[in-house]
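The values are calculated or read from the model by the stated rules, or taken from the named source; none is laboratory data. Values in this document were obtained by computation on a predicted structure and should not be read as measured data. Positions of Cβ are generated from backbone atoms using ideal geometry, with glycine treated the same way; all protein chains shown enter the neighbour counts. The area values use the complete protein model at the heavy-atom level, side chains included, leaving out ligands, DNA and RNA. Shrake-Rupley method; radii C 1.70, N 1.55, O 1.52, S 1.80 Å.
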Amino acid sequence: MTLLQLQYFKALAHMLHYTKTAEELHISQPSLSYAISGLEDELGVKLFEKKNRKNQLTLYGEQFLPYVEQAIRSLEEGRVVLERMKGDMTQVVRLGYFQSLSASLIPSIIEGFYGEEENRMIRFDFTEEPSFDIFEKIHNGVLDMGFTLHQGDWADQACVLRQPLYLAVPADHHLARRKSVTFADFAREPLILLERSSTLRKQMDLRYAELGEVPNLVFEVRECNTALQYVSLKFGLAVVPQTSSVDSSKVALIPISEKDEEYVRSVYLTRNRAHVLSPSAQKVWEYIVKNFGIAGK
């Protein structure tokens, strides 16, 4: 079978009309019919049939279509990679991260990466969004890679950071002077929680379930910075990672210690294993895993 046959099959499978498909492909209808017949002969099955004078896919055609679409998509991705490699053009790596990494991990990575002279022709297209959005964009191929809190069976991932989590309280709150707290210390306090798609919210819900408590939810927000703003206004408490945006005159961050251990969350460098990385993106991936990866996590 040829690539043209597969492209013709895909187009006809979506339009189910020989004349209109031939016009769309800028070929004659006999050429389209000949290509489809040749493909059917090679496969030994009928891919299309007529029912009530209308063309439709057979069961064989329905089963074959997703594989054809995947093959064509993979070839297109390969073509794009080669386009990026042509000449001496600067390579662009699309990297995503969430806000609490912007002042710590990301600058360290960029400084070290550009410290190696052979990397200076590579530039980054950064995206800063909540972890779940970054995760989805990697899955959909919008980003080459990114830092996420989520995990998926479609992803290659390497743990790069274990972020301690803190209880954020108003500066004049009765817990503000504590050196550490447990969940039991604030289990019934009013809380500002992240939305349910976040891994931190899942951690919180699980811990409250273990305690047999129901969170006293006063606000549900999308980002930690928003949660901190509400804490500064004394609407409630929040569990957040360390961030440079904390106004220490209004908000105190207290370490959370459970069973004599810090309460933490894992951060993963994530890529979609089904998508081929460009040479530059592969170089970025290998650099981060080698220099920031945490073994065994």
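Numbers at a glance
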{"read-out": "Residues located in the range 184-200, provided they are part of a helix (DSSP H, G or I), surrounded by fewer than 16 Cβ atoms within 10 Å (Cβ to Cβ) and not acidic (D, E)", "value": "A184"}
{"read-out": "Test: R177 is under 30 Å from V93 (Cα atoms), surrounded by fewer than 20 Cβ atoms within 10 Å (Cβ to Cβ) and basic (K, R)", "value": "no"}
{"read-out": "Residues satisfying the stated conditions in the range 10-22, i.e. within 16 Å of E69 (Cα to Cα), more than 32 Å from the chain's Cα centre (by Cα) and open to solvent by less than 50 Å² (accessible area, probe 1.4 Å)", "value": "L12"}
{"read-out": "Residue in the range 133-147 that is under 23 Å from E286 (Cβ atoms) and touching a His at 6+ places or on another chain (Cβ under 7 Å) present", "value": "yes"}
{"read-out": "Residue ID - farthest from T270 (Cα to Cα), chosen from residues in the range 112-138 that are free of Cβ contacts under 8 Å to residues at least 40 places away in the same chain, part of a helix (DSSP H, G or I) and open to solvent by 60 Å² or more (accessible area, probe 1.4 Å)", "value": "E117"}
{"read-out": "Residues of the range 144-176 classified as under 16 Å from A227 (Cβ atoms), small (G, A, S) and assigned to a loop (DSSP other than H, G, I, E, B), total", "value": "1"}
{"read-out": "Meets criteria (within 27 Å of D125 (Cα to Cα) and exposed (fewer than 15 other Cβ atoms within 10 Å of the Cβ)) for P279", "value": "yes"}
{"read-out": "Any chance S108 is open to solvent by less than 70 Å² (accessible area, probe 1.4 Å), among the hydroxyl-bearing types (S, T, Y), closer than 24 Å to V221 by Cβ and in a helix (DSSP H, G or I)", "value": "no"}
{"read-out": "Test set (1) within 18 Å of P170 (Cβ to Cβ); (2) in contact (Cβ under 8 Å) with a residue 60 or more places away in the chain; (3) part of a helix (DSSP H, G or I); (4) not hydrophobic (A, V, I, L, M, F, W, C) - K234 fails condition number", "value": "(3)"}
{"read-out": "Residue ID - modelled with the lowest pLDDT, chosen from residues in the range 254-276 that are within 28 Å of V181 (Cα to Cα) and either open to solvent by 70 Å² or more (accessible area, probe 1.4 Å) or small (G, A, S) (or both)", "value": "D260"}
{"read-out": "Test: residue in the range 29-49 that is of a type outside the set (F, W, Y), part of a helix (DSSP H, G or I), open to solvent by less than 30 Å² (accessible area, probe 1.4 Å) and under 30 Å from E129 (Cβ atoms)", "value": "no"}
{"read-out": "Residue count for the range 70-87, restricted to those that are modelled with pLDDT of 90 or more and open to solvent by less than 50 Å² (accessible area, probe 1.4 Å)", "value": "2"}
